[in-house]
Amino acid sequence: MKPLLLPIVLLGGLSLAASAAEPSATELDTIAQRVRACTPCHGAEGRATSEGYYPRIAGKPAGYLYNQLVNFRDGRRHFPMMTYLTERQTEQFLLEMAAHFAAQELPYPPPQRPNVDAALLERGRVLATEGDAQREIPACSACHGSRLMGVEPSVPGLLGLPDDYLIAQMGSWRSGSRRAHEPDCMAEIARRLEREDLAAVAAWLAVQPVPENTRPDPAFEQEPPMRCGSIPENTQAAP
């Protein structure tokens, strides 16, 4: 009978080890565990994956991330997986999710290599940094920050995103399939842009290196060029 003792002891030890390795209910209820549903598309810690359509959410302003979760929930943005995720969550959890990803400070990948001609890139640069006064199109940097890394608490950064995602979103603004709270400033701007402008801006933004300081700028000190419904009024300086 003695030879049977070793397997029995080993089996008992393995069972205890497995039990010890299983996370407790408390460990499963942490925010890090609860946002794991986001990582298959948005990458570990929200830093994005090699799939060009899914954006990086790490480090984006919490107000912007929260607004987008609400927009998916309320039908202003459309993507089945995001709708499924957000319509089943409490308001408090959407706020916690936004704050969690906003706090992630992670390195960005190298910018994309240009796959368009120099003339198109220059057209994108002018629109992004200077705008077009004749068409009442402000520069991207006027609203998205001097470094194009966003403005607290609700304006996202534009660098470190693939051109596939950027052009898809600008096209969605232009067509009306993506909307925000009125006044919907991005929809207004996108409708003033030609299709070639959308491609140019997306291409130029995608090939820009991310600055060393990746945090969004502080809240606006001066009135932004357009009033946007997704930016709380108390964060937009009085004229």
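Scan (1) surrounded by 16 or more Cβ atoms within 10 Å (Cβ to Cβ); (2) of a type in the set (D, E, K, R); (3) touching a helix residue (DSSP H, G or I) at 6+ places or on another chain (Cβ under 6 Å) for the single condition R135 breaks and write down its number.
(1)
Surrounded by 19 or more Cβ atoms within 10 Å (Cβ to Cβ), touching a Gly at 6+ places or on another chain (Cβ under 6 Å), in contact (Cβ under 8 Å) with a residue 40 or more places away in the chain and on the phi > 0 side of the Ramachandran plot: which single residue out of G157, G150 fits that description?
Among G157, G150, only G150 is surrounded by 19 or more Cβ atoms within 10 Å (Cβ to Cβ), touching a Gly at 6+ places or on another chain (Cβ under 6 Å), in contact (Cβ under 8 Å) with a residue 40 or more places away in the chain and on the phi > 0 side of the Ramachandran plot.
For residues in segment 47-97 being crowded, with 21+ Cβ neighbours inside 10 Å and among the polar types (S, T, N, Q), which is nearest to the chain's Cα centre (by Cα)?
Ranking the qualifying residues of segment 47-97, first place goes to Q68.
Regarding segment 173-182, can at least one residue be identified that is more than 20 Å from L69 (Cβ to Cβ), surrounded by 14 or more Cβ atoms within 10 Å (Cβ to Cβ) and at pLDDT 90 or above?
There is at least one residue in segment 173-182 that is more than 20 Å from L69 (Cβ to Cβ), surrounded by 14 or more Cβ atoms within 10 Å (Cβ to Cβ) and at pLDDT 90 or above.
The values are calculated or read from the model by the stated rules, or taken from the named source; none is laboratory data. The model shown is predicted, which means the values in this text are computed figures rather than measured ones. No Cβ is skipped: glycine too gets one built from the backbone with ideal geometry, and neighbour counts run over all protein chains shown.
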